[in-house]
Every structure is written in C-alpha cells, then in structure tokens.
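The values are calculated or read from the model by the stated rules, or taken from the named source; none is laboratory data. No experiment lies behind these values; they were computed from the predicted model shown. Note: ideal-geometry Cβ built from the backbone for every residue, glycine included; neighbour counts use all protein chains shown. Only protein heavy atoms, including side chains, enter the accessible area calculation; ligands, DNA and RNA are left aside. Shrake-Rupley method; radii C 1.70, N 1.55, O 1.52, S 1.80 Å.
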Amino acid sequence: MTDLLLLPGDGIGPEVTAQARRVAQAVAPDLSIAEALFGGCSFDAHGTPLTDAVLGAAKSARAVLMGAVGGPQWADAPRDRRPEAGLLNLRAGMEVYANLRPALCFPALADASSLKRHLVEGLDLMIVRELTGGIYFGSPRFIEDLPGGGKRAVDTQVYTTGEIERVARVAFQLARGRRNLVHSAEKSNVMDSGLLWRQVVTDLHAREFPDVRLEHILADNAAMQIVRDPRQFDVLVTDNLFGDILSDAAAQLTGSLGMLPSAALGDAGRPGLYEPIHGSAPDIAGQGIANPLASILSLEMAFRWSLGRPEAADRILAAVVRALDAGARTRDLGGSLTTVQMGDAVLAAL
Ligand code: IPM
Ligand code: MG
C-alpha cells in the first residue's frame, strides 16, 4: 500500500514537490512513496487531467501530496478537461470536504507581510473552507445564447444540511484544540444558501458544541476584518467560494503565498489531500526559484493528519522555523535562495 502519493502536476509543482519528497525521505525513510501524472501534464499524455487509475491510486493511498495544476498552455483545453477541472474532480472523488488553510505568521517573516508587524505578529488563523459543494459544483451551470444577441451565464450555489453540518463539525472540533472560537462566514443577508448555512451552524453548535464560542459574520465583513485585525480570528469556517477568496487574503498576511500549506480532509480514516495554496506560477516555472516551503509544510500536515506521525510533523515544522530564523529566504521572501537551496536549508535544519 502506498503511504504517500505525489502528484507534482504543472508549473512550479514538480520543483517544489521534489523538495518535499527529500524531506519526507529524510524524516521517514520507511515511507512508501509513489508518483503519478495529474493536471495539464496528464492531459497532454492521456487527454484528461485525472485518469481513473490516478483517482483510484489517490483513494487507496494514505495521503496525497499535490503540487499545482494549470497554466496558459491549457487555456483552450475543453472546459471539462482543463487542469482545474481535474483538481475539482480529485477533491470530489476523494470526498475531501473540509479544507484546512492555516495562516500562520512566522516571527522571522513578520516584516514581509503587507500589514504592519504589530498586526500580524503571532497570527495563527485557521480557515476551514467547504471544498466539495457550493457554486463550484452546483447545477445547472451553462452559458447560452440569447435570441436578441448576447449571452446568459448561470452558476448555481447549492448546499444541503448534511454538507454544512459535516464541515462545521470539523471547524468546531479544531477550535476545541485551539482558542475555542469559531467564526462562521456567509451572506445570509442576501443568499438563501447563506441563511441555511447560518441556521445549520447555529443548530449544530447548540446540539454538539455549546462549549465553543460561535460568532456569525457576513463574508464581506470577514474580508475587511481579515485585513484590519486578523488576530481576532481563531477558526473561520465558510463555503467553497468565500473560502477560496478569504484564504488568499489571509495568505498574503503571512508574508508570501509561497508559505501556505493546506489539508483537505474527509471522514475519519479516509486519505487526505494536501496541497500548497499557491498555484502553478507559470511566470517563474522552470527557473528553480519557487519557494518550496508551502509544499514542505503541506507534507508536515500530511504526517500530522493522515500518516499518524505527529513527531515527524513536529520535526519538519521546527526545521522550517529554524531555517527561516537562520535567514534562509527564497526570492518571494526578499532573498536569493533557489528552490533546491531552500530544500537544503530545511534538510540541514532537520
Ligand atoms: C485554490 C485554487 C483552486 C480553487 C483553483 C485552481 C481551481 O484557487 O485551491 O484555492 O479555486 O479552488
Ligand atoms: Mg484559490
């Protein structure tokens, strides 16, 4: 059985994932690691970004570490076979509905944030993004021609009680191990799905988590509060689309998008999907200058949440902190280390 399936993907994906692989082999030489094509490179080889064989391998591994998918060369691929569609199918196929996106400000990087140091120092925010529902998957969706010219496009936001409950439960459980505070963000002032979201979270809270503090917040206000005073948040749970947007904003607070990992989890015992939240960064792909820390920290989350080796996770996290404290910086962090040199720095710190 494969412990860790690597899906390096496109753009900078293979460059950063190669460094995570070195770290995995260093902390857990016994780990069985496999690698497969996914994304645009799979489309080029097989005509689809996600083959049935790779989805099957992902579902039977213990954890999947993805690099990044997509790039301008696939902009004209049929919509249902674009690399991004492969990613959505992988998330849905693995049923990883809870996406944990931590925004952690490492002390050594507080000055790289676009906010002032005193606002971000010590920031430890966990966004829990619903990942397999909402407007990303709702139907109908189409673009149609209008009789008088012009077109009409439709996307559908849809959520069920069960979908909201299971992701909110993950958020409440996480909060119990942290600062015991959950913010739930939606647009219940204008959207029916937001109204249901608020009701379901309120009911679940009363039934199962009365000991956790719950605050409801409108998603637009959440965006404003994230850039005004991010440390007021502990766990922030929200839907797929708002979570996509709010997690990019939160990421920037930490100094660089190149720093942030994520974990997508399903029901207990099922494999998790781990990915850096940065994309394929076609502008710097192939130059060997991408920051591998988001990938290495995604590996850290895999050891913690899927592979049952928290001590290996602790070692990786400590090594990243030590490397940063010692001044290791890739270009996005204002330094000049290459991707491989940053990998070397983490390995040396291990
Ligand atoms: C993300 C990305 C993806 C998303 C894209 C690449 C489909 O932006 O993981 O945040 O929108 O979910
Ligand atoms: Mg995104």
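Checked against the criterion of being under 20 Å from Ala110 (Cβ atoms), crowded, with 24+ Cβ neighbours inside 10 Å and out of contact with any Pro (no Cβ under 9 Å at 6 or more places or on another chain), the candidates Ala323, Ala349 yield just one match: Ala323.
Selection of segment 326-346 for residues being of a type in the set (Gly, Ala, Ser) and surrounded by fewer than 19 Cβ atoms within 10 Å (Cβ to Cβ) yields Ala326, Gly327, Gly334, Gly335, Ser336.
The residue list Val227, Val200 contains one member that is assigned to a helix (DSSP H, G or I), touching a residue at least 24 places away in the same chain (Cβ under 8 Å), more than 16 Å from ligand 2 (Cβ to nearest atom) and within 26 Å of Glu165 (Cβ to Cβ), which is Val200. Taking the criterion of being within 14 Å of ligand 2 (Cβ to nearest atom) and out of contact with any Gly (no Cβ under 6 Å at 6 or more places or on another chain), would at least one residue in segment 267-274 satisfy it? So far as segment 267-274 goes, no, none of its residues is within 14 Å of ligand 2 (Cβ to nearest atom) and out of contact with any Gly (no Cβ under 6 Å at 6 or more places or on another chain).
A single member of Ser262, Ser295 is within 12 Å of ligand 1 (Cβ to nearest atom) and open to solvent by less than 10 Å² (accessible area, probe 1.4 Å), and it is Ser262. Within segment 231-240, identify whether any single residue is touching a residue at least 24 places away in the same chain (Cβ under 8 Å), out of contact with any strand residue (DSSP E or B) (no Cβ under 8 Å at 6 or more places or on another chain) and either buried (at least 22 other Cβ atoms within 10 Å of the Cβ) or in a helix (DSSP H, G or I) (or both), and answer yes or no. No, every residue in segment 231-240 fails to be touching a residue at least 24 places away in the same chain (Cβ under 8 Å), out of contact with any strand residue (DSSP E or B) (no Cβ under 8 Å at 6 or more places or on another chain) and either buried (at least 22 other Cβ atoms within 10 Å of the Cβ) or in a helix (DSSP H, G or I) (or both). Residues in segment 241-257 that are under 23 Å from Tyr136 (Cα atoms), of a type in the set (A, V, I, L, M) and either more than 15 Å from ligand 2 (Cβ to nearest atom) or open to solvent by less than 50 Å² (accessible area, probe 1.4 Å) (or both): Leu246, Ala249, Ala250, Ala251.
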